[in-house]
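Below is one structure, written out as structure tokens; the observations come after it.
The values are calculated or read from the model by the stated rules, or taken from the named source; none is laboratory data. Keep in mind that this is a model prediction, so the values were computed, not measured. Because the Cβ atoms are built from the backbone with ideal geometry, glycine has one as well, and the counts that use them run over all protein chains shown.
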């Protein structure tokens, strides 16, 4: 008789992984290590500092970046739906890079004037799968990757991932005394979640709070 395999609740899996989370030392290594090439390190830093979703960073364009101030706008964001009209809504979010990351971005962009910041073939952006493999590869190379086995399937999940890096950026801001409501706004949580659990805050409030409480900004990584 074929053995029945219980389905894995992915939400529970993600919760288990995030409960462990990446600590500050692990994040700092992934954002500053000389063993990581500029392109990959820049991608990791932008996720951690901006707390944008990995796919949002992947689709960032040069035209949405202010070279002088370091402010950058994510225009391809998580789609929300208006229940009354059925219309799709994608609201841009703007945040500011640390000075060092902005300098790294200038170096990486060089003389390019437009297009995706992280271009792949034929003008399209690189894939998330590429960067997921890269963060796993370098985390293992540096010696900080840890795996967690989830029952009942026995599947192994990595603890150092793109999404874990994003979650850690938001969490580290909050742990330093930053307002969780403001970091939720910066991270682009759904309107339903924000209206239910968080007070509303502006992007300006988010930037001021990140500069005060986010370790990458405070310590000048």
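All conditions but one from (1) at pLDDT 90 or above; (2) under 18 Å from residue 186 (Cα atoms) apply to residue 68; the one that does not is (2). Can you name every residue in region 32-48 that is under 16 Å from residue 218 (Cα atoms) and either surrounded by fewer than 24 Cβ atoms within 10 Å (Cβ to Cβ) or at pLDDT below 95 (or both)? Result: 32, single match. Scanning region 174-221 for residues that are in a helix (DSSP H, G or I), modelled with pLDDT under 55 and surrounded by 15 or more Cβ atoms within 10 Å (Cβ to Cβ) turns up just one, 194.
Going by what's in this entry, would residue 105 be described as within 28 Å of residue 182 (Cα to Cα) and modelled with pLDDT of 95 or more? For residue 105, the condition - within 28 Å of residue 182 (Cα to Cα) and modelled with pLDDT of 95 or more - is met.
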